[in-house]
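Before I ask anything, here is the structure I am working with.
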Amino acid sequence: MTTLSVRDMSEDALAILRVSAAAKRQSLQAYVRDVLEREAYALSIEQAAREADRLAARANVTTDDVLNAIEEMRQARQ
């Protein structure tokens, strides 16, 4: 694993993160790591649009099919 340092974080933002971590009964480090990992694996708008286009090219594709595929990709990346 790699170590990441964040510099010049505002005290207000840090306080908010500490409160959020405490609410989830996590250390600040664990909470921030989880936030960053979720962000890293989240689909971007562009990725979601490409996946929607790929699915729409199939016959009989519904909006639900597209939304389900996007959710499946998000789940697979977590």
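The values are calculated or read from the model by the stated rules, or taken from the named source; none is laboratory data. Being a predicted model, the structure only gives us computed values, none of them experimental. Quick reminder, even Gly has a Cβ in these numbers, built from the backbone with ideal geometry, and neighbours come from all protein chains shown. The protein model used for the area step is the full one, side chains on, heavy atoms only, and it has no ligands, DNA or RNA in it. Shrake-Rupley method; radii C 1.70, N 1.55, O 1.52, S 1.80 Å.
Only one of (1) touching a helix residue (DSSP H, G or I) at 6+ places or on another chain (Cβ under 8 Å); (2) loosely packed, with under 10 Cβ neighbours inside 10 Å; (3) of a type in the set (Ser, Thr, Tyr) is not met by Ser44, so which one is it?
(1)
Sticking with this structure for a sec: Which members of the range 20-78 meet the condition of being in a loop (DSSP other than H, G, I, E, B) and touching a Phe, Trp or Tyr at 6+ places or on another chain (Cβ under 7 Å)? Outline the logic, then answer.
Filtering the range 20-78 for residues in a loop (DSSP other than H, G, I, E, B) gives 24-27, 42-44, 57-62, 78.
If the condition is that a residue be in a loop (DSSP other than H, G, I, E, B) and touching a Phe, Trp or Tyr at 6+ places or on another chain (Cβ under 7 Å), then Lys24, Gln78 are the ones that fit.
For the range 19-31, which residues satisfy the criterion of being open to solvent by less than 50 Å² (accessible area, probe 1.4 Å) and under 19 Å from Ser5 (Cβ atoms)?
Ala21, Ala30, Tyr31
Just to check your reading of the model, which residue among Arg54, Arg50, Arg74, Arg38 is on the phi < 0 side of the Ramachandran plot and modelled with pLDDT under 85?
Arg54
Answer yes or no: is there a residue in the range 32-41 that is free of Cβ contacts under 8 Å to residues at least 12 places away in the same chain, under 20 Å from Leu4 (Cα atoms) and surrounded by 14 or more Cβ atoms within 10 Å (Cβ to Cβ).
Yes: one or more hits.
Another question, if that's okay. Do we find a residue being open to solvent by 90 Å² or more (accessible area, probe 1.4 Å) and touching a residue at least 40 places away in the same chain (Cβ under 8 Å) anywhere in the range 56-78?
yes
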